[in-house]
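Working notes for the structure below.
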Amino acid sequence: MMSHRHINDTTYTLPAIDSIIEHGDRPDWAALQIAMRSDPELCRKVFNIACHNLDHPYTIRYHYWYHFAKERLENGKK
């Protein structure tokens, strides 16, 4: 797994989430998805990061995470 900036053992920081989305690979993304399944606050963080980066050069990655987080947040409200 890639070492990302600002990740510590207990939380995903906003810069760490951005780093994972932009520079990560499949194992990094899978770990983030697994963590998001049980943490609505993490979903909100990912959603906010993705929303602010939809015009980024790697925009397809941010669009994916935007929709993934949005779906998780909407399903959690039901």
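The values are calculated or read from the model by the stated rules, or taken from the named source; none is laboratory data. None of the values given here were measured: they were computed from a predicted structure. Note that we place each Cβ from the backbone using ideal geometry, even for glycine, and neighbour counts take in every protein chain shown.
Looking across segment 20-38, the residues that are in contact with a helix residue (DSSP H, G or I) (Cβ under 9 Å, 6 or more places away or on another chain) and either at pLDDT below 90 or of a type outside the set (Lys, Arg) (or both) come down to Ile20, Ile21, Glu22, Gly24, Asp28, Trp29, Ala31, Leu32, Gln33, Ala35, Met36.
Taken together, the residues in segment 43-70 that are at pLDDT below 90 and small (Gly, Ala, Ser) amount to 0.
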